[in-house]
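Below is one structure; the comments refer to it alone.
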Amino acid sequence: MNGKATEEAGPSAVPAPSPLEWKFSQVFGERTAGEEVQEVDIISAIEFDKSGDYLATGDRGGRVVLFERTDVKDNGDRRDLERLDYPVGRHPEFRYKTEFQSHEPEFDYLKSLEIEEKINKIRWCQTVNGILILLSTNDKTIKFWKVLEKKVKRISETNLWPSQPVGNGCLATSSTASPSVDLANGGCSERQHNYLSNDFSFPPGGFPSLRLPMVSSYDTSPLARCRRIYAHAHDYHINSISNNSDGETFISADDLRINLWNLEISNQSFNIVDVKPANMEDLTEVITSAEFHPTHCNTLAYSSSRGFVRLIDLRQSALCDNHSQLFKDQEAPSTKSFFTDIIASISDIKFAKDGRHILSRDYMTLKLWDVKMDSGPVATFQVHEYLRPKLCDLYENDSIFDKFECCLSGDGLRVATGSYSNLFRVFGCAAGSNEATTMEASKTPMRKQVQNSARPTRTLNSLTRVVRRGAENSAVEANGNTHDFTSKLLHLAWHPTENSLACAAANSLYMYCA
């Protein structure tokens, strides 16, 4: 693989952090050798919540699986432990919490269209009173879920049934669980006892040692409930949902429109972006991804199939067809080909945690944009440049239309994305960094460092940029024939506060730490 980056630098730039040493941490749903993967079990969405204590995955079967962090829960609050200099676990550890069926397959009889149950996106909402809240969507319908801990009571110290000995400490199940009814003189009726029988009578003097049932303990069990369904608002397939920082609204985007919703109102939405032309023959681009700014509730960004990223301000007008900023990369005309427009399509965008930068992923590259500089990306990372001679083959087998996701670290110093053969790449985006790590989603990841082959050069007058090119990797890796294009790592997520990555390889969830 070839790594290349163009970065912003300054005279007072801090030294670049050293490359991370990644290690395997956990795996859920690992396949055994020769095991066939069912289509419905393939993971299609991954998302950490803001605290990093919970992880959600969605699959093509419409299921949502939740994982919870254990290294903090078992040892107490992490901040308290750090304050006491208590040794905290080196990396997050998760365990299975619960799962639920979010979507079912449907059929639109008006359009004769089959609607898949596949989960396209999952987004966490603000946790309220310990109740986990999240949004999940398939191609047409968005659902609002609450996951709470349901208490299950255990009853003890009751002697209502003569078959059990009377006395302290005797145990009995809840009276509603017994299949029979006790009668006077030790008789027993097999009838259900949700009512009193006409021939039931208390013994003379009553029950001298009657004890009332008491709750001895509580068990908790996660329970998922769908509270709202946001439907019938998109004519085309939903590709993105994103929560607003105000905690009250969210957006949903399809190929031609972006709608604004209130979390409390499921039967009404407002169309804020509409790129559908009057004549569909004039259509030149579609919306591919949309994301709210992490702190500014009036700002959002969306990407297009032409490789553009547009920033819009909701304060400008009710219908934001005119962008406030446009980010696009100027490509030399001499490099254009039949595939140029196809590989320029952006499949995913993410805001950095501070909102200063936007990360975009097209088919061949990752680009990092500064929201205050729309002249071009401040950094460009080549993900799998070795595939460029094979674009014709990738077009024939439709692999060129694969949509890879991207993510940023919580500190904004690194970015990551997936590739083929279940590989994923991590790049350092700090000034002067030459970090470019390639790993395979497996228990024994093959890590290859892309070394810096030349000293950085400085150009572009006052807008100083550092250009670095990574050396070519081994011939085996450069040979596309050795790569499995059916094994693709499309979905991954970076822990919000620590250097930990969750990656989806088919039906398996791999986690790595550094």
Worksheet item: Is at least one residue of the stretch 151-172 at pLDDT below 90, surrounded by fewer than 17 Cβ atoms within 10 Å (Cβ to Cβ) and within 31 Å of the chain's Cα centre (by Cα)?
Response: yes
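With at pLDDT below 75, more than 30 Å from Arg306 (Cβ to Cβ), among the acidic types (Asp, Glu) and open to solvent by 40 Å² or more (accessible area, probe 1.4 Å) as the only criterion, which of Asp182, Asp199, Asp246 stands out? Reasoning before the result, please.
On the way: Asp182 fails: open to solvent by 40 Å² or more (accessible area, probe 1.4 Å); Asp246 fails: at pLDDT below 75.
Criteria check complete, one pass: Asp199.
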Worksheet item: Among the residues of the stretch 364-378, is any touching a Cys at 6+ places or on another chain (Cβ under 8 Å) and in a strand (DSSP E or B)?
Response: yes
Item to complete: From Asp348, Asp354, grab the single residue that is within 21 Å of the chain's Cα centre (by Cα) and farther than 23 Å from Asn239 by Cβ.
Response: Asp354
Worksheet item: Is it the case that Asp362 is within 30 Å of Phe24 (Cβ to Cβ), modelled with pLDDT of 95 or more and touching a strand residue (DSSP E or B) at 6+ places or on another chain (Cβ under 6 Å)?
Response: no
Discussion item. Criterion first (in a strand (DSSP E or B) and within 25 Å of Asp341 (Cβ to Cβ)) does Leu300 satisfy it?
Written reply: yes
Worksheet item: How many of the residues making up the stretch 411-425 are farther than 19 Å from Ser508 by Cα and in contact with a Phe, Trp or Tyr (Cβ under 7 Å, 6 or more places away or on another chain)?
Response: 2
Practice prompt. Can you tell me which residue within the stretch 213-239, out of those that are under 30 Å from Ser289 (Cα atoms) and assigned to a strand (DSSP E or B), is most open to solvent (accessible area, probe 1.4 Å)?
Written response: Arg227
Fill in: All positions within the stretch 269-281 that are at pLDDT 95 or above and open to solvent by 70 Å² or more (accessible area, probe 1.4 Å)
Phe270
Worksheet item: Can you name the residue in the stretch 410-435 that is modelled with pLDDT under 95 and among the polar types (S, T, N, Q) and is also most open to solvent (accessible area, probe 1.4 Å) among such residues?
Response: Asn434
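Can you give me the number of residues within the stretch 127-146 that are of a type in the set (Val, Ile, Thr) and modelled with pLDDT under 95? Working first, answer last.
At the first step, the residues of the stretch 127-146 found to be of a type in the set (Val, Ile, Thr) are 127-128, 131, 133, 137, 141-142.
Okay, now just the ones that are also modelled with pLDDT under 95, so 127-128, 131.
Residues meeting the conditions: 3.
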Fill in: Given (1) under 17 Å from Ala233 (Cα atoms); (2) surrounded by fewer than 14 Cβ atoms within 10 Å (Cβ to Cβ); (3) of a type outside the set (A, V, I, L, M, F, W, C), number of the condition Asn262 does not satisfy
(2)
Discussion item. Surrounded by 14 or more Cβ atoms within 10 Å (Cβ to Cβ), in contact (Cβ under 8 Å) with a residue 40 or more places away in the chain and not hydroxyl-bearing (Ser, Thr, Tyr): is that true of Glu285 in this structure?
Written reply: no
Worksheet item: Any residue in the stretch 399-407 that is buried (at least 16 other Cβ atoms within 10 Å of the Cβ), among the polar types (S, T, N, Q) and within 27 Å of Leu300 (Cβ to Cβ)?
Response: no
Practice prompt. Go through the stretch 462-499 residue by residue and tally those that are open to solvent by less than 40 Å² (accessible area, probe 1.4 Å), touching a Phe, Trp or Tyr at 6+ places or on another chain (Cβ under 7 Å) and modelled with pLDDT of 80 or more.
Written response: 7
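I'm trying to understand the selection: among the residues of the stretch 69-111, which are modelled with pLDDT under 80, touching a strand residue (DSSP E or B) at 6+ places or on another chain (Cβ under 8 Å) and not charged (D, E, K, R)? So that I can check it myself, show each step before the final result.
So the first thing to find is which residues in the stretch 69-111 are modelled with pLDDT under 80, and the list is 72-91.
Subsequent filtering for residues that are touching a strand residue (DSSP E or B) at 6+ places or on another chain (Cβ under 8 Å) retains 90-91.
Of everything in the stretch 69-111, just one residue is modelled with pLDDT under 80, touching a strand residue (DSSP E or B) at 6+ places or on another chain (Cβ under 8 Å) and not charged (D, E, K, R), namely His91.
The values are calculated or read from the model by the stated rules, or taken from the named source; none is laboratory data. The structure displayed is predicted, hence computed values, not measured ones. Quick reminder, even Gly has a Cβ in these numbers, built from the backbone with ideal geometry, and neighbours come from all protein chains shown. In case anyone asks, the SASA skips ligands and DNA or RNA and just uses the protein heavy atoms, side chains included. Shrake-Rupley method; radii C 1.70, N 1.55, O 1.52, S 1.80 Å.
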